[in-house]
Amino acid sequence: VAAGRFFQSVGWAVAYVYLAEVYPTSCRAFGASVAIATGRVGGMVAPMAFEWLLSATGTSTSFFATCLGMAALNAALVHGLPVETKDRQLGDIGREAESLSAAAQLVKATSP
């Protein structure tokens with residue numbers, strides 16, 4: 001349990017740093033609040049999911065397998081984040097994020 005809490009805390013610390021590096025100030029607070037709210041909802045739903053899976057399967061292994069699968073999915077999604085921030089200046093990161101946003105808007109405008 002302690003190791004799980006440790007890795008959860010590290011994950012949130014990384015998320016906060018990534019948000020600060022990639023998102024412009026105008027939407028950073030909104031993005032951080034959505035991330036925090038999602039984590040809190042997950043914290044409320046997890047005990048109920050544990051009890052439901054325990055009663056449905058008769059073992060707690062299914063809950064931990066589900067958590068492991070969700071962690072693997074999260075790792076895959078994090079690996080696919082569009083902006084790499086390692087060893088880069090904030091100005092460079094901001095320009096890349098803006099160009100990605102402009103490209104996404106262009107694709108959205110030209111799609112039927």
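Just so you know, all these numbers are worked out from the coordinates, no wet-lab data involved. Not measured: the values here are computed from a predicted model. Counting neighbours? That spans all protein chains shown, and the Cβs are built from the backbone with ideal geometry, glycine included.
Some values worked out for this structure:
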| read-out | value |
| --- | --- |
| 10 Å binning of all Cα-Cα separations within the chain, expressed as whole percents from 0 upward | 11, 32, 30, 17, 9, 0 |
| Difference of contour (0.36 nm per residue) and Cα-Cα distance, V10 to T25 | 3.1 nm |
| Helical mean residue ellipticity (222 nm; -39500 (n - 2.57) per DSSP H run of 4+; nearest 500) of the chain | -29500 deg cm²/dmol |
| Listed residue (V22, M48, L81) projecting farthest to the positive dipole end of the chain, Cβ model | M48 |
